[in-house]
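J.: Below is a structure I'd like to ask you about.
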Protein chains: 2
Amino acid sequence: MPASEDTDRYRQWLTAAAEEARAGRDEGGVPIGAALIGGDGRVLGRGRNRRVQDGDPSAHAETAAFRAAGRQRGYAGTTMVTTLSPCWYCSGLVRQFGIPRVVVGEARTYSGGHDWLAEHGVEVVVLDDPGCAAMMDAFVRARPELWHEDIGSGAAE
Amino acid sequence: MPASEDTDRYRQWLTAAAEEARAGRDEGGVPIGAALIGGDGRVLGRGRNRRVQDGDPSAHAETAAFRAAGRQRGYAGTTMVTTLSPCWYCSGLVRQFGIPRVVVGEARTYSGGHDWLAEHGVEVVVLDDPGCAAMMDAFVRARPELWHEDIGSGAAE
C-alpha cells in the first residue's frame, strides 16, 4: 500500500469521482464516475458514464473524464481516478495515452483491466471503498440488463 | 487469408472507412476512418477521428463509429472496419464489447493492438491497402506533432 499521506490524497480525488457517480445514479444512469488529475493535483477533467443520458455507449466514465480534459500534449504525471475497476476499453485508454497512475475505488463488483495495466507499468491503487461498492452493488441488482449492456455482455443474458 | 468473396466484401466495407478518413484529412484532421458493420452487412455507424475538429481526444475513428451506432443490445456478428491498426484504446473497445471481427486497412504506418485481439479470439483481417498507407504516411510526414499527440506519444517528442 502507498504511504498514508498518498492514500489520503487519493481518497480526496476519489470524492470527485464518487460525486460524478452519484449524479449519474440520480439521473437514472450507470453510476460510475471518474476524474483525470494533473501532476499538480488539479482536476483536468471529470465525468460520469453517460450511456443512458446521451445514448452514447462510448461514454464510459474514464472516457468522459479524458474527453472533458480536452487535448493535452501528454499525460506525464497524471492520475485517472475512477469509482470502479476500468473495463478493457478504458484500460486501453490509460495504456495508450501513457497515464502513469490509476486509482480504483473498488474492484469487488467488477474487475476489468487494472491487473493488466499494472503488468504494463501503470501504478495501480485499489482503495476498496465500501461506499463505491455499495452503490454499484445496488445498481447491478436493480438494473442488471443495463449493466450488462454497458459492459458488452448484454447479448449473453 | 479469407476466401476471395469475403475479401471483396471487406474491401467494400473499407471503402466507407476510407471515405471518412479522406473527409477528415480534408478538414485538417487526423485521417483515420472506421465503420461498424452489422451481421447483415449494413453500416451501423461510421465515423472519423475528430481530435482537431471537435477538440476531443477520445474521438478516435473506431470510437466515433461505435458511438454513431448508438446503444446496442450486443455486438454478435458485427465487424469493425478501420483504415489503420487500432490503438490500445480502440482495441480495448473491440475486446470489451465482444466485436468478433476487425478488418484493418493497413498496419504499416502504425501497429496497435490487432495481434493482441487475435490472441483473444477476435478474427483479424489486415488488407494492407496501399491507398490507406499512403494517406497515413503523407499525414505523419506533414504533421508529426499532431500524430504523436493523437497516439499519446506527444510528450516523448
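J.: Of all residues in region B:100-113, count the ones that are under 15 Å from B:ARG9 (Cα atoms) and buried (at least 22 other Cβ atoms within 10 Å of the Cβ).
T.: Taking region B:100-113 and keeping what is under 15 Å from B:ARG9 (Cα atoms), we get B:101-105.
From what is left, the residues that are buried (at least 22 other Cβ atoms within 10 Å of the Cβ) are B:102-105.
Number satisfying all stated conditions: 4.
J.: Going by what's in this entry, would A:ASP115 be described as within 20 Å of A:GLY152 (Cβ to Cβ) and modelled with pLDDT of 95 or more?
T.: Working: within 20 Å of A:GLY152 (Cβ to Cβ): yes; modelled with pLDDT of 95 or more: yes.
So A:ASP115 fits the description; yes.
J.: Against the conditions (1) open to solvent by 30 Å² or more (accessible area, probe 1.4 Å); (2) within 7 Å of another protein chain (Cβ to nearest Cβ); (3) touching a Pro at 6+ places or on another chain (Cβ under 9 Å), where does A:GLY77 fall short? Just the number, please.
T.: (2)
J.: Quick check on B:ASP54: is it closer than 20 Å to A:SER58 by Cα and either more than 14 Å from chain A (Cβ to nearest Cβ) or open to solvent by 10 Å² or more (accessible area, probe 1.4 Å) (or both)? Break it down into steps so the answer makes sense when it comes.
T.: Values: closer than 20 Å to A:SER58 by Cα: yes; either more than 14 Å from chain A (Cβ to nearest Cβ) or open to solvent by 10 Å² or more (accessible area, probe 1.4 Å) (or both): yes.
The answer is yes for B:ASP54.
J.: Could you look through region B:114-157, keep only residues that are among the small types (Gly, Ala, Ser) and away from chain A (no Cβ under 14 Å), and pick out the one that is surrounded by the fewest Cβ atoms within 10 Å (Cβ to Cβ)? Working first, answer last.
T.: Of region B:114-157, the ones among the small types (Gly, Ala, Ser) are B:118, B:121, B:131, B:133-134, B:138, B:142, B:152-156.
Filter again for away from chain A (no Cβ under 14 Å), leaving B:118, B:131, B:133-134, B:138, B:142.
On the way: B:ALA118: 14, B:GLY131: 15, B:ALA133: 18, B:ALA134: 13, B:ALA138: 13, B:ALA142: 10.
Result: B:ALA142.
J.: Given region B:55-157, what strands (runs of 3 or more DSSP E) lie entirely inside it while holding 3 or more residues that are closer than 26 Å to B:GLU27 by Cα?
T.: Values: elements: B:79-84, B:101-106, B:123-126.
Here the list reads B:79-84, B:101-106.
J.: Counting just the residues of region A:20-43 that are touching a Ser or Thr at 6+ places or on another chain (Cβ under 7 Å) and assigned to a strand (DSSP E or B), which one comes out nearest to the other protein chains (Cβ to nearest Cβ)?
T.: First, the residues of region A:20-43 that are touching a Ser or Thr at 6+ places or on another chain (Cβ under 7 Å): A:21, A:32-34, A:36-39.
Then keep just the ones that are assigned to a strand (DSSP E or B); that gives A:33-34, A:36-37.
On the way: A:GLY33: 16, A:ALA34: 12, A:LEU36: 11, A:ILE37: 16 Å.
That would be A:LEU36.
J.: Select, from A:ALA68, A:ALA16, the only residue that is among the small types (Gly, Ala, Ser) and open to solvent by less than 50 Å² (accessible area, probe 1.4 Å). Break it down stepwise before answering.
T.: Numbers: A:ALA68 fails: open to solvent by less than 50 Å² (accessible area, probe 1.4 Å).
Unique residue meeting the criteria: A:ALA16.
The values are calculated or read from the model by the stated rules, or taken from the named source; none is laboratory data. What you are looking at is a predicted structure, and each value in this text was computed from that prediction instead of being measured. Neighbour counts run over all protein chains shown; Cβ positions are idealised from the backbone, glycine included. In case anyone asks, the SASA skips ligands and DNA or RNA and just uses the protein heavy atoms, side chains included. Shrake-Rupley method; radii C 1.70, N 1.55, O 1.52, S 1.80 Å.
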